[in-house]
Every structure is written in structure tokens, then in C-alpha cells.
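Following: one structure in C-alpha cells, then a few remarks.
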Amino acid sequence: MTARDVKRRLAKSLAPLQPRRALVAAGRHLTDRALTRAANALGGLEQGRWLAETGSNVPNLADRFAVFDQAMNRLTGSAPLYVEFGVFQGRTMRYWASKVAFPGARFVGFDSFQGLPEDWQPDAQRGSFAVGKPPEIDDPRVSFEVGWFDDTLPNWTVPDHDQLVVNIDCDLYSSTRTVLDWLRTRRAPGTLVYFDDLFNRDHQWRALREWLGHDGAAAQPVAMARWGHHMLFQIPPSS
Ligand SMILES: C[S@@+](CC[C@H](N)C(=O)[O-])C[C@H]1O[C@@H](n2cnc3c(N)ncnc32)[C@H](O)[C@@H]1O
């Protein structure tokens with residue numbers, strides 16, 4: 001082997017290392033925000049691959065309210081139970097209560113109203129979204145369970161209902177996991193589960209992937225908005 005061959009072989013074996021070297025060099029200059037964006041970009045790629053693998057042809061709608069409208073079109077009875085995890089000022093609770101007219105419907109909002117229990121992302125740290133108390137919604141069908149999900153969920157008596165709708169808008173991986181663990185014994189054919197913040201790879205997207213790999217395996221994606229930032233799933237009515 002000539003010196004030239006050795007050099008060529010060496011160059012070939014080192015080639016895959018060069019992009020990593022460039023990444024590490026670039027990483028020295030990145031802010032937290034930029035790193036989070038990079039991680040979330042990878043999450044977007046993963047979501048696209050997962051959609052392709054599952055053969056899902058999920059319509060991409062304008063915004064979360066369009067997704068909620070799709071969820072409402074899937075209500076089959078007159079006594080749905082809508083449970084929202086992460087209420088904040090009550091914008092989405094109000095939307096659901098104003099659009100679903102059945103007297104037998106119930107809308108229950110879970111929130112500490114103390115804000116996020118942990119840091120979420122650079123612009124939303126622990127304590128973000130603290131408003132102190134539940135919103136005032138003038139509808140006797142609406143109620144709130146105030147406290148941390150870990151404390152309120154185990155003692156909560158689930159009201160009678162003919163279909164469960166779960167809106168998970170609590171941002172964090174840990175909070176989303178608590179909700180999905182609770183859901184394990186509550187979901188039924190027809191149950192609708194909405195995730196508000198799948199754009200974040202380390203939080204809701206991570207929790208969703210784990211869920212789909214275990215308890216949520218039967219869940220089908222049925223609508224999304226903002227290219228998977230918001231996504232609605234349904235346990236098939238016949239399963
Ligand atoms: C983004 S806000 C909800 C926004 C609301 N759904 C809306 O559309 O206006 C997230 C909320 O989740 C709540 N939250 C997150 N984790 C929680 C937990 N483990 N227990 C109780 N509340 C939690 C926070 O207090 C915060 O109000």
C-alpha cells in the first residue's frame with residue numbers, strides 16, 4: 001500500500017466525523033433557545049416519518065379550534081365528558097362549553113392555577129401561566145378541580161358520561177404523563193384525546209410516542225393543525 005492509499009483510506013474513515021466536528025463547533029455559540037429549536041426541528045422530522053409509517057392521511061386544519069370542531073363532530077351521544085388538563089384563563093374551556101349544547105354534557109378543568117410546576121422551555125419557565133384562581137364561566141355544567149394533577153386526579157370521581165374527551169394542554173412531559181397514566185383505565189372505544197403542544201420534542205411529543213407504544217397503541221390520529229403542533233386522536237369506536 002502506498003502512502004497515497006493510506007492517506008485516501010484515512011480521509012475516507014474520518015469523513016463521517018467531519019459534520020459532527022462542525023456541529024460541536026457551532027454548538028459552542030448556540031443559545032438555549034436555538035438548541036430548543038434544533039431539538040424541535042428533529043421532532044418535526046420524527047413526526048413526519050411516524051405519519052408516513054402509520055400511513056395516516058390526517059387533514060391539516062387551520063388552528064386548534066378547527067380541530068376541536070372535528071372532535072365535536074365525533075360526539076355520538078348527548079352526555080359527553082370533556083376534561084381539560086391545563087386551563088389557564090379558560091379560553092378553550094369556554095369554547096367547548098359554548099359549542100356543545102347538550103344539557104347532559106360536563107366540562108371539568110384541571111389546573112393548579114399556580115402555573116407550570118417545572119421549567120418547560122426558555123420562554124416558559126416554572127410558574128408561567130399562574131393566574132391564582134379558576135376563570136369565571138357562567139355555565140352550571142362547568143367545574144374545576146384546583147391543584148396539581150398528582151393530587152387531584154387520584155381522588156376525583158369521574159362523572160357519568162357516554163363519551164370521554166380529553167384535552168391535554170399542560171405543556172410538560174411530566175404533567176402529560178400523569179394524565180396519560182390516569183387515562184389508562186378510563187379510555188373506552190370512541191374516546192377522543194387531544195394534544196396541544198406536540199411541537200416540543202422533549203415534552204408532549206415524547207409523552208405521545210411513549211403512549212402510542214403502550215396504552216395508546218389503538219389510538220388513531222384523526223385531525224391536526226399547524227402541521228402536527230396540535231393533534232386529535234380517537235380510540236376507534238369499534239375497538
Ligand atoms: C398553556 S396553559 C393552558 C392553556 C389553556 N388550555 C388555553 O388554551 O388557554 C398550561 C396550564 O397547565 C397547568 N399545569 C401544567 N402542569 C400542571 C400540573 N401538573 N398540575 C396542575 N396544573 C398544571 C398550568 O398551571 C397552566 O395553567
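The values are calculated or read from the model by the stated rules, or taken from the named source; none is laboratory data. These numbers come from a predicted model, not from an experiment. Glycine also receives a Cβ, built like all others from the backbone with ideal geometry; neighbour counts cover every protein chain displayed. Accessible surface areas use protein heavy atoms only, side chains included; no ligands, DNA or RNA. Shrake-Rupley method; radii C 1.70, N 1.55, O 1.52, S 1.80 Å.
Quick one: count up the residues across the stretch 171-197 that are more than 11 Å from the chain's Cα centre (by Cα) and more than 27 Å from GLY77 (Cβ to Cβ). Break it down into steps so the answer makes sense when it comes.
Start the filter on the stretch 171-197 by keeping residues that are more than 11 Å from the chain's Cα centre (by Cα), which leaves 174, 178, 181-192.
Next, from what is left, pick out any that are more than 27 Å from GLY77 (Cβ to Cβ): 174, 178.
Of the residues in that region, 2 qualify.
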Next on the checklist: Looking only at the stretch 208-226, how many residues end up being open to solvent by 60 Å² or more (accessible area, probe 1.4 Å), farther than 17 Å from ASP171 by Cα and in contact with a Phe, Trp or Tyr (Cβ under 9 Å, 6 or more places away or on another chain)?
Outcome noted: 2
Checklist entry - Here are some conditions: (1) assigned to a helix (DSSP H, G or I); (2) closer than 30 Å to LEU153 by Cα. SER78 meets all but one. Which one does it not meet? => result (1)
Next on the checklist: Within the stretch 81-88, does at least one residue satisfy the condition of being of a type in the set (Ser, Thr, Tyr) and out of contact with any helix residue (DSSP H, G or I) (no Cβ under 7 Å at 6 or more places or on another chain)?
Outcome noted: no
Item to check | Subset of the stretch 86-118 [within 12 Å of the ligand (Cβ to nearest atom) and among the charged types (D, E, K, R)] | outcome: ARG91, ARG94, ASP111, GLU118
Next on the checklist: Quick test for you: out of PHE113, PHE102, pick the one residue that is open to solvent by less than 10 Å² (accessible area, probe 1.4 Å), modelled with pLDDT of 95 or more and either in contact with a strand residue (DSSP E or B) (Cβ under 7 Å, 6 or more places away or on another chain) or farther than 22 Å from ASP171 by Cα (or both).
Outcome noted: PHE113
Checklist entry - Could you say which residue among VAL158, VAL146, VAL179 is surrounded by fewer than 20 Cβ atoms within 10 Å (Cβ to Cβ), β-branched (Val, Ile, Thr), assigned by TED's automatic domain parsing to the domain that holds ASP196 and within 9 Å of the ligand (Cβ to nearest atom)? => result VAL146
Checklist entry - Taking the condition open to solvent by 60 Å² or more (accessible area, probe 1.4 Å), of a type in the set (A, V, I, L, M, F, W, C) and in the same structural domain as GLY213 (by TED's automatic domain parsing), does PHE68 pass? => result no
Checklist entry - When both residues are 6+ apart or on different chains and their Cβ atoms are under 7 Å apart, which pairs have a first residue that lies in the stretch 115-142 and is of a type in the set (Ser, Thr, Tyr), and a second that is open to solvent by less than 80 Å² (accessible area, probe 1.4 Å) and near the ligand (Cβ under 8 Å from one of its atoms)? => result SER128/GLY115; SER128/LEU116
